[in-house]
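Student: So that we are looking at the same thing, I have put the structure below in structure tokens.
The values are calculated or read from the model by the stated rules, or taken from the named source; none is laboratory data. Here the structure is a predicted model, which is why all the values come from computation and not from measurement. Positions of Cβ are backbone-derived with ideal geometry, glycine not excepted, and every protein chain shown enters the neighbour counts. Heavy atoms of the whole protein, side chains included, go into the accessibility calculation; ligands, DNA and RNA do not. Shrake-Rupley method; radii C 1.70, N 1.55, O 1.52, S 1.80 Å.
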Amino acid sequence: MNIENNIPHIRAEVLLNHLYPELEQQWKARNMGSFYRNYTQDILFLDEDAKEVEMSRDGFLNLLPEGLYNRQDELKGEDMRAKFKELEQRIHLLREAFMPIDTYWFKQSLFVERQVSELLEEKLDYVLLTYFGFDMSKEQDPLVKEVAVMLPFVSNKRGDFGFVRQLLETVLHCEVKMEIGRYSHTDNTVRWLPMVRYDVLIPGLTAEGYKQQNESLEPLRNFITEWLMPMEVMCRILVKEYGASQQIDKRLVLDYNTETKY
């Protein structure tokens, strides 16, 4: 399995503990040397079936003085290609010989990473419960649990309408349109409140799908209104069908698949 180079700075321990938690103490580690680190990510290659991982790190072999396994003038003279091939083979055999040592230390590092990760997660739960009164263990809604980690930053993010739009797009995995205006329960705007509206645009939404999406979004609506919106701002988060035909003879239901022009 080749790892795409879109997360070049993540450590192998973090990635493997997240993707394969059940394989924590089963990996065999092969350290290819830190030379590769300037050009690629920590994990060069992994095989989840064989439980082997190659990393751009220095292993036990790299700690040994170079003169222990090759002479300084070894590549001088004639037939350099054959000598270089022999040197590569020797290094490969030594790396395989020291692989159990590298594997042992990698397993220790995996264990430490798992312990630190669990400790930090418990710290976050403690902060949320103690300072915000939010019990993560009792929260059932997955969207609210995903957004709740932002509570320690709420003092800087409350009232940031653009941030809320980006947050909705991230957790809902769809496009979200934002419109800022005024709200009044009367026919005029003599008395009004600031209003922000977010349209969650979902393609191919049926009437039944609209009902399900609207109901599942309610806990997140309440959370955002309580924590991320100023008290005087009217916030609306609406589910809309995106890309629906606007012809009169087509399937149209008022408010969820009639498009608003921005």
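Student: Working only within segment 153-179, note down all residues that are of a type in the set (Val, Ile, Thr) and open to solvent by less than 30 Å² (accessible area, probe 1.4 Å).
Tutor: VAL154, VAL164, VAL171, VAL176 - these are the residues of segment 153-179 that are of a type in the set (Val, Ile, Thr) and open to solvent by less than 30 Å² (accessible area, probe 1.4 Å).
Student: Is it fair to say ARG182 is surrounded by fewer than 15 Cβ atoms within 10 Å (Cβ to Cβ), of a type in the set (Lys, Arg) and in contact with a Leu (Cβ under 8 Å, 6 or more places away or on another chain)?
Tutor: Considered against the rule, which asks whether it is surrounded by fewer than 15 Cβ atoms within 10 Å (Cβ to Cβ), of a type in the set (Lys, Arg) and in contact with a Leu (Cβ under 8 Å, 6 or more places away or on another chain), ARG182 comes out as yes.
Student: Please work out which one of (1) outside any helix (DSSP H, G or I); (2) closer than 19 Å to ASP199 by Cα is the condition GLN140 fails and give its number.
Tutor: Of the numbered conditions (1) outside any helix (DSSP H, G or I); (2) closer than 19 Å to ASP199 by Cα, the odd one out for GLN140 is (2).
Student: A further question follows. If we scan segment 113-124, do we find a residue that is at pLDDT 90 or above, part of a helix (DSSP H, G or I), of a type in the set (A, V, I, L, M, F, W, C) and more than 15 Å from PHE223 (Cβ to Cβ)?
Tutor: No, the conditions are met nowhere in segment 113-124.
Student: Any chance you could count how many residues in segment 101-119 are of a type in the set (A, V, I, L, M) and either open to solvent by 80 Å² or more (accessible area, probe 1.4 Å) or free of Cβ contacts under 8 Å to residues at least 12 places away in the same chain (or both)?
Tutor: Qualifying residue count for the region: 3.
Student: Another question, if that's okay. What's the number of the only condition in (1) touching a strand residue (DSSP E or B) at 6+ places or on another chain (Cβ under 9 Å); (2) in contact (Cβ under 8 Å) with a residue 40 or more places away in the chain; (3) open to solvent by 40 Å² or more (accessible area, probe 1.4 Å) that THR206 fails to meet?
Tutor: (2)
Student: Here's something else I'd like to know. Please name all residue pairs, on different chains or six or more residues apart, with Cβ atoms under 7 Å, provided the first residue is in segment 142-159 and is closer than 12 Å to TYR131 by Cβ and touching a residue at least 40 places away in the same chain (Cβ under 8 Å) and the second residue is assigned to a helix (DSSP H, G or I) and open to solvent by less than 30 Å² (accessible area, probe 1.4 Å).
Tutor: Every condition considered, the pairs that remain are LEU151/LEU128.
Student: State whether the residues of segment 8-24 include one that is modelled with pLDDT of 70 or more, of a type in the set (Ser, Thr, Tyr) and in contact with a Phe, Trp or Tyr (Cβ under 7 Å, 6 or more places away or on another chain).
Tutor: no
Student: Right, next: Among the residues in segment 48-60, are any more than 20 Å from GLN108 (Cα to Cα), at pLDDT 75 or above and open to solvent by 50 Å² or more (accessible area, probe 1.4 Å)?
Tutor: Taking every residue of segment 48-60 in turn, at least one turns out to be more than 20 Å from GLN108 (Cα to Cα), at pLDDT 75 or above and open to solvent by 50 Å² or more (accessible area, probe 1.4 Å).
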